[in-house]
Amino acid sequence: MPQIELRHIADYVGQEVTVRGWVYDRTDKGKLQFIRLRDGTGQVQCVAFKKEMAEDEFEIAGKLTQESSITITGTVRADSRAPGIPGGFEIGLKTLSLVQMAQDYPITPKEHGVEFLMDNRHLWLRSNRQWAILRIRATIVKAMRDYMDDHGFLLMDTPIITPAAGEETTTLFELDYFGEPAFLAQTGQLYNEANMAAFGKVYCFGPTFRAEKSKTRRHLIEFWMLEPELAYCTLEELMDLEEGLVTYVVQQVLDKNRPELQLIERDVSKLEAITSPFPRISYDEAVQRLHKLAAETDDPEQKTLLAIEWGDDFGSPHETALTQMFDRPVFVYHYPTQIKAFYMQPVAGRPEVCRSVDLLAPEGYGEIIGGSERISDYDLLLERLKAQKLPVENYSWYLDLRKYGTVPHAGFGQGLERTVAWICGLQHVRETIPYARLISRKYP
């Protein structure tokens, strides 16, 4: 008798199987017990009929509580009415063995507040919606890595403990490193530039940390980033890479996670619209579009939210407004130098603007990727470090890269959790990672 995973249940219709899992729900119909069983890969309705089971085992079936762990055997039947993941199948029980009877499970079908659910995140993960979101996250991670691997990029692991800022000093987490200051990495990019000079095309994929005192729905303290770096790459070629990557990731989710998307009630037509080419507009044009939008609205509050001067960075209302103008991600390129990181290459003849680009996701989700051409000239990079009052001695190794075989190069960082939030249609990133770290939350 095969022991199966429920994701493969369609292959076992008419066969007797064994399944090990947990009780998601139970309905008592007297001589019939309907048990919703989950095993981590899917769910199935199990039908316990008194006449077909040992008396003591049927008695156990009638007492099962939510999240009790059991092992069952029975025959798989096709039934279009049967709920489950995938739906359309049920198991007629023959035997039931109790592993543990769970007591007073705190998360019930009734409504719970977000703080209660986050306090019980270690249990909330078992709920259908969270289960579906994190399975989609796993598909996105695999798709990102597959795309990089299949396009000649080499995976490199970059340090989590670093001696200096990778982005800006205001969001660093400082550590005592045996009596010397060190920091949790904001990015693996600087090290990947060194890796790039050895291997040509590289990427890292791991946790990054920002001590950003933000409570918006888009910010986490600890989050994961995919960060490729390419030698001899222009900004336009970088956008081509991002476009190919994002369309591939969305297609993989559509191919592999239709049941999960349906479970979380995601409008898949929005995802099916994600095809090349993506629109590309300059920062200058984006500001003009926002000015025009603000001028056309009669809502004073909206006018205030959309207000922006050239040189300002986009806030959430600006990105939301821009993305609602398109049905697919939009590139915004050539941002003002003053609002971007020290290592970004200035535009020739226009030093107040740099060769940078953000990819904004549609439906108001905003930035999911930020990238740029990197400064490859030693003197210019040294000048930028000094201008931003960064300790040059901490970047001596990074400056070395501009002394020994420097080349034009580019790279980007893609935020995994923001990507998951957009693809799943979530309002907050706290559901996109197993255990969210927020300003007021480090438990569980």
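How many of the residues making up region 420-444 are in a loop (DSSP other than H, G, I, E, B), surrounded by fewer than 24 Cβ atoms within 10 Å (Cβ to Cβ) and out of contact with any strand residue (DSSP E or B) (no Cβ under 6 Å at 6 or more places or on another chain)?
Going through region 420-444, the residues in a loop (DSSP other than H, G, I, E, B) turn out to be 425-428, 432-437, 439-440, 442-444.
Then keep just the ones that are surrounded by fewer than 24 Cβ atoms within 10 Å (Cβ to Cβ); that gives 425-428, 433-437, 439-440, 442-444.
If we keep only those that are out of contact with any strand residue (DSSP E or B) (no Cβ under 6 Å at 6 or more places or on another chain) as well, we get 425-428, 433-436, 439-440, 442-444.
Total satisfying the criteria: 13.
Every listed requirement among (1) surrounded by 15 or more Cβ atoms within 10 Å (Cβ to Cβ); (2) assigned by TED's automatic domain parsing to the domain that holds S396; (3) out of contact with any helix residue (DSSP H, G or I) (no Cβ under 8 Å at 6 or more places or on another chain); (4) at pLDDT below 95 is met by K213 save one, (1).
Being more than 15 Å from Q345 (Cα to Cα), assigned to a strand (DSSP E or B) and in contact (Cβ under 8 Å) with a residue 40 or more places away in the chain is the requirement here; does E363 meet it?
Working: more than 15 Å from Q345 (Cα to Cα): yes; assigned to a strand (DSSP E or B): no; in contact (Cβ under 8 Å) with a residue 40 or more places away in the chain: yes.
It is false that E363 is more than 15 Å from Q345 (Cα to Cα), assigned to a strand (DSSP E or B) and in contact (Cβ under 8 Å) with a residue 40 or more places away in the chain.
Pairing each residue of region 273-302 that is buried (at least 17 other Cβ atoms within 10 Å of the Cβ) with any residue that is among the β-branched types (V, I, T) and assigned to a helix (DSSP H, G or I), provided the two are 6+ apart or on different chains, yields C-beta distances under 8 Å for I274/V246; I274/T247; I274/V250; F278/V246. Among the residues making up region 123-158, a single one is closer than 22 Å to Q66 by Cα, of a type in the set (G, A, S) and either more than 19 Å from the chain's Cα centre (by Cα) or part of a helix (DSSP H, G or I) (or both): A132. If you check R81, R77, R36 for being at pLDDT below 95 and of a type in the set (K, R), only one passes: R81. Residue-level check: of (1) without any contact (Cβ under 8 Å) to a residue 40 or more places away in the chain; (2) over 21 Å from D400 (Cα atoms), G188 misses just (2). Scan region 370-391 and tell me whether some residue there is surrounded by 15 or more Cβ atoms within 10 Å (Cβ to Cβ), in a strand (DSSP E or B), touching a residue at least 60 places away in the same chain (Cβ under 8 Å) and of a type in the set (D, E, K, R). Yes, because at least one residue in region 370-391 is surrounded by 15 or more Cβ atoms within 10 Å (Cβ to Cβ), in a strand (DSSP E or B), touching a residue at least 60 places away in the same chain (Cβ under 8 Å) and of a type in the set (D, E, K, R).
P346 satisfies every condition listed in (1) without any contact (Cβ under 8 Å) to a residue 60 or more places away in the chain; (2) within 26 Å of Y248 (Cβ to Cβ) except (2). Can you tell me which residue is surrounded by the most Cβ atoms within 10 Å (Cβ to Cβ) among those in region 221-265 that are more than 26 Å from G371 (Cα to Cα) and either at pLDDT below 95 or of a type outside the set (A, V, I, L, M, F, W, C) (or both)? Taking the candidates together, the pick is N257. Among the residues of this structure, K31 counts as one that is over 30 Å from D255 (Cα atoms) and surrounded by fewer than 16 Cβ atoms within 10 Å (Cβ to Cβ). Within region 54-62, the presence of a residue that is within 26 Å of P259 (Cβ to Cβ) and not in a helix (DSSP H, G or I) is excluded. Could you please let me know if E417 is charged (D, E, K, R) and part of a strand (DSSP E or B)? No: the conditions fail for E417.
Of the residues A294, A286, the single one that is assigned to a helix (DSSP H, G or I), within 24 Å of L238 (Cβ to Cβ) and in the same structural domain as R129 (by TED's automatic domain parsing) is A286. Checked against the criterion of being under 33 Å from the mean Cα position of the chain (by Cα) and among the hydrophobic types (A, V, I, L, M, F, W, C), the candidates V99, V114 yield just one match: V114. Of the residues A78, A48, A54, the single one that is farther than 21 Å from R129 by Cβ, crowded, with 21+ Cβ neighbours inside 10 Å and in contact (Cβ under 8 Å) with a residue 24 or more places away in the chain is A48. The residues listed here are E373, E431; of these, the one that is among the charged types (D, E, K, R), under 21 Å from E168 (Cα atoms), touching a helix residue (DSSP H, G or I) at 6+ places or on another chain (Cβ under 8 Å) and modelled with pLDDT of 95 or more is E373. The residues of region 303-359 that are over 25 Å from P408 (Cβ atoms) and of a type in the set (S, T, N, Q), listed by number, are T304, S316, T320, T323, Q324.
Every condition in (1) on the phi < 0 side of the Ramachandran plot; (2) at pLDDT 95 or above; (3) exposed (fewer than 15 other Cβ atoms within 10 Å of the Cβ) holds for T170 except the one numbered (2).
Here S356 clears all of (1) under 21 Å from the mean Cα position of the chain (by Cα); (2) within 21 Å of P228 (Cβ to Cβ) except the condition numbered (1).
Condition first: in a loop (DSSP other than H, G, I, E, B) and within 45 Å of the chain's Cα centre (by Cα). Now tell me which residues in region 31-52 satisfy that. Across region 31-52, the qualifying residues are D39, G40, T41, G42.
The values are calculated or read from the model by the stated rules, or taken from the named source; none is laboratory data. Because the structure is predicted, anything quoted here is derived from the model rather than measured. Glycine gets a Cβ as well: all are built from the backbone with ideal geometry, and neighbour counts include every protein chain shown.
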